[in-house]
Amino acid sequence: MSRHSLTTLLAAISTASMLASSPAQAEDPIRIGGIYLLSGSAATYGEFAKQGATLAINEVNAKGGVLGRKLELQLEDGQGKAATAIQLARKMVYQDKVDILMGIDSSGVAQGLVPVLPDLGKPLMITHAATPAVTGKQCNKYAFRISVNVTQMMSGGAQIAAKSGATKWTTIGPDYAFGHESWEYFSNYLKAAKPDVVLMNDHLAFPRFGAEDYTPFIDSVMQSKPDGVLISLWGGDLVNFVRQANEKGFFKQGYKVFMNVGAATEVLTALGDQMPEGVWLGTRYWYGSWDTPMNKHFVKTYKETYKLPPSYNAEGAYTAIYAFKAAFEKAGSTDPDKVIDALAGLTFQAPTGDLTFRKGDHQALIGPTWGLTGPMNTEDKIRSLTQVQNFDGVKVTPPVDPACKM
């Protein structure tokens, strides 16, 4: 064989190899690694997130995917433990080769994982954990949050509480970042709006997360005779608390009761009519309070698929997928640095309307929803919300924390 013939043959083999491999490479999915609570008393939060993310992924894939590639979701159980979440994130990045990360239900877990992100080199979209720290003093370029944080939630709640007529306030919350930060920010915002309020220093109740017996804490608060009570328990803990509080007559004392995330549909479904009327419930998203075309589609499709109204965790995961889709398309790539650049300052369509990630700290400018419990919703089998207030994310989001250094 002549040198010319050999060169021609090698070129043909190389071209054939490239043609054979190109379709396979184009079909490689974009891998999304999700870390949620999938076991224990708060496992329903992880299940709702799975449903929301899966719904969005199926919609995107049915329309051809993103950049010609399908989306693929891998979920792991973080168990509410920072060490476990860090281990899983490392496994997903180094072994499973995920392109992006999402999830995190616990503020404590988020505070443990976010500082590790620069080593992992992948963006994380927080869809639930509310501690201000991860878009504040712990911020880094890899961490984004699409959900309402404690400052945003408490700003809205305090505005309502200031007009409630209650002067003497106490709290019951989980004994970790979320419970303590909820009380801290609620107190600060309430004091600013109503300087004559009394914020009790004794009889504050902080049971451990996952506690089963809340009666000592209920008794302590009742003995302090407050006018108002902020309750930041969540998930199965809040369900257990409400049932035990009903038995103790807690809700018949005339307190102004504010449940930080009480309007989670996971909680309302579990409690049914055991959730009392006339208490204020907060939530990061309320499926019945947004009249956008995207929300109408989301709620209708979700109910048809899962036979339940969507929770805020379902909406958060659903919206995160569309945020990543918009960022991939803007970047024209799944390269982490390009995706991060695309996400920072990105405005995209969400069920709650146009949503923007602030460049300075990567916090979404989104407001909470608060409402007063009313009669049972017979169709959805949960308490209805009345006097619903959707707060403007721009107005309830404080300035970028000076300690945040990207």
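Assorted remarks:
- Restricted to helices (runs of 4 or more DSSP H) entirely inside segment 272-347, those with at least 2 residues that are within 16 Å of residue 31 (Cα to Cα) and not acidic (Asp, Glu) are 312-331, 336-343.
- Long-range neighbours under 6 Å by Cβ, at least six apart or interchain, first residue under 16 Å from residue 133 (Cβ atoms) within segment 173-196, second at pLDDT 95 or above and in a helix (DSSP H, G or I): 181/150; 182/150; 185/150; 185/151; 185/154
- Qualifying positions in segment 203-260 - out of contact with any Phe, Trp or Tyr (no Cβ under 9 Å at 6 or more places or on another chain), acidic (Asp, Glu) and closer than 24 Å to residue 43 by Cα: 212, 213
- The one condition from (1) over 13 Å from residue 369 (Cβ atoms); (2) buried (at least 24 other Cβ atoms within 10 Å of the Cβ); (3) modelled with pLDDT of 95 or more; (4) charged (D, E, K, R) that residue 335 does not meet is (2).
- If the condition is being β-branched (Val, Ile, Thr) and crowded, with 24+ Cβ neighbours inside 10 Å, then segment 266-303 contributes 267, 283.
- Residue under evaluation residue 242, criteria (1) surrounded by fewer than 22 Cβ atoms within 10 Å (Cβ to Cβ); (2) assigned by TED's automatic domain parsing to the domain that holds residue 215, criterion not met: (1)
- Test: residue in segment 239-250 that is closer than 21 Å to residue 157 by Cβ, among the basic types (Lys, Arg) and outside any helix (DSSP H, G or I): no
- Residue within segment 50-62 that is part of a helix (DSSP H, G or I), charged (D, E, K, R), modelled with pLDDT under 95 and surrounded by fewer than 20 Cβ atoms within 10 Å (Cβ to Cβ) present: no
- Pick from segment 365-383, criterion touching a Gly at 6+ places or on another chain (Cβ under 8 Å) and of a type in the set (D, E, K, R), ranking: farthest from residue 284 (Cα to Cα): 381
- Among the residues listed as 61, 149, the single one being out of contact with any helix residue (DSSP H, G or I) (no Cβ under 9 Å at 6 or more places or on another chain) and closer than 28 Å to residue 298 by Cα: 61
The values are calculated or read from the model by the stated rules, or taken from the named source; none is laboratory data. Bear in mind the structure is a predicted one, so any value in this text is a computation, not a measurement. Here the Cβ is made from the backbone with ideal geometry for all residues, glycine too, and neighbour counts use every protein chain on show.
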